[in-house]
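Values in this text are rule-based calculations from the coordinates and carry no lab data. Computed from a predicted structure; not experimentally measured. For neighbour counting, all protein chains shown are included, and Cβ atoms are generated from backbone atoms with ideal geometry for every residue, glycine included.
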Amino acid sequence: MPDTKYNRLNADEDVEVVEMKENINFAHEEDDSPPWYSRITWENSQVSLVFLAFVTLRAIDRVLYKRVLDRMLNYQLMVTNFVWPIGVQIMTFAVACGWIYHHRRKGDTRYDMSFFSPTSTIASAKGAYSQFRLSFFSFFDQLNAAITTFPTPFLSQTMIGLLSNMGLVFTVFFSYLYLGTRYKQVHYIGCLLIVISGFVALTVELQTNDPPIGRYKDTNGEYHTSSFLWTLIYIVGTIPVGMGNAYKQKCLKSVDLEIMYASFWSGNWQILWGFLMYPVNWVPLPDPAPKNVPSETGDYIRRTFVCFMGTAPDPNNANDQACEARGGSAFIWFLAYLAFNVSFNVLFLWLSKRMSSTWAAVATVLCLDITSLLSMSKALQGDEAQMVTVEQYFGLVIAGVAMWVYNLDSEVYADGRDVAGHNLNGENDENTEADKNVLMLPPPSAAVGGQGSRAWAIPVKNRVIRSGSV
């Protein structure tokens, strides 16, 4: 008589085989819904596309800006407080004119030259917007630039990228206090990983001091070692980044502030802030930074523009020789820089309004990772190009993982509302699944038979997103 245990095992195996066949047949069934790529529209993919554009523009912007400052070694603050705000504002005006033309082509006649009025009713969903508030829109940006400009020529591009990541930590801090944003464990872990990435990148230097901490390349391709004080100054300069990011989010979301209008008028105010912050140039700084005194201001301005056009004002001054570095004058690189700077700033405001300032700051982490890689390019950095070390690669990878971890859950306000969306007060909130899951794309076709399965689901940020919701 056959063994009943053996028969029972055979019967179980038969059931499993039948279930497997049913599953395979199910996967082979023709899906009546359109292919996943046909469901991708501007509405459900715009955040992803803006994010990719922002990352690229921001990375190139940082590389070009460093190249400008490296040539203006004796005149960085003059560039930051005078040349930069005025140049950026001229470019912003040109972009704003294009923005007006775009809307008029679409039939929106509200957009005309009154757009540039300080009392324009198109400024926000509630009409004209306070110029006093817009003035502080750029105050923190200018303060950040005034502080971080000094150490920039004396730090490597990779070190600048890693130190700039501290801006994310301060953004989280001020968003918690000022906006009432509440974060989950994954957000704090993401920020912690950002800090750790900076120490990982300096592992060899911290253990052996070979190469020394603070080593950088000048415009002639020669290595130097800067004071550790420059690192501390740069970190202090990232504090206004966090304050400014939280403030911008409040302004943008509270009244559905028009992004291009905010960019234009905050830029006007930034020119004023640049003039008012010029006395920072007289603060004594460690070598090899130049020492400037008030009585030499007139001559200093003259020498700045001579250097800016590619000629050394004092050929006997070692720092002035950077003005004549190979690869083009600071003026040429500044023109290229302007296009990327204005574009990425507008996109940053768009992401801050659509998602949050912290989310945009996290996105900046990836920008700075790419910046470090671009800094190895001779085409972009010239003789200042510097190879990224193995430990710095590890630091960059950890920073990228930090961004991934941060996006595992949503930011919320104290009352439980998601931060992502247009309006801080929840009125006319356009928060969509596409906003909350911006890095999610529909999956590729199923591997079996090359056909898409009947349905799919991916858990993202504690939600299950199904094929019908994209």
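Numerical summary
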| item | result |
| --- | --- |
| Cut-off under 5 Å, modelled amide H: who pairs with Val412 long-range | Arg182, Val419 |
| Pair Lys126, Asn317: separation of 7 Å Cα→Cβ label points (nm) | 5.0 |
| Sequence-distant residues sharing a close amide H with Ser124 (under 5 Å, placed H) | Glu258 |
| Relative packing of peptides 317-324, 71-78, 117-124 - highest average C-beta neighbours within 10 Å first | 71-78, 317-324, 117-124 |
| Violating pairs (Cα-Cα greater than 18 angstrom) within the set Lys248/Lys353; Lys126/Lys250; Lys184/Lys248; Lys106/Lys250 | Lys184/Lys248; Lys106/Lys250 |
| Point-to-point label distance, Val186-Arg302, nm (Cα→Cβ direction, 7 Å offset) | 6.1 |
| Modelled FRET efficiency - R0 51 Å, Ile196 with Leu276, Cβ distances, 0.05 increments | 0.85 |
| Spin-label pair Met309/Ser117, simplified geometry with 7 Å Cα→Cβ offset, distance in nm | 4.1 |
| Highest-first arrangement of 136-145, 267-276, where packing means the average Cβ count within 10 Å | 136-145, 267-276 |
| Under the Karplus curve 6.51 cos²θ - 1.76 cosθ + 1.60, θ = phi - 60°, whole-Hz ³J(HN,Hα) for the range 292-302, x wherever Gly or Pro sits | 10, 10, x, 5, 9, 4, x, 5, 5, 5, 4 |
| Length added when fully stretched, Met387-Ala53, from 0.36 nm per residue minus Cα-Cα | 117.7 nm |
| Per-residue HN-Hα couplings for the range 71-76 [Karplus 6.51, -1.76, 1.60; θ = phi - 60°; Hz; x = Gly/Pro] | 7, 9, 4, 8, 9, 4 |
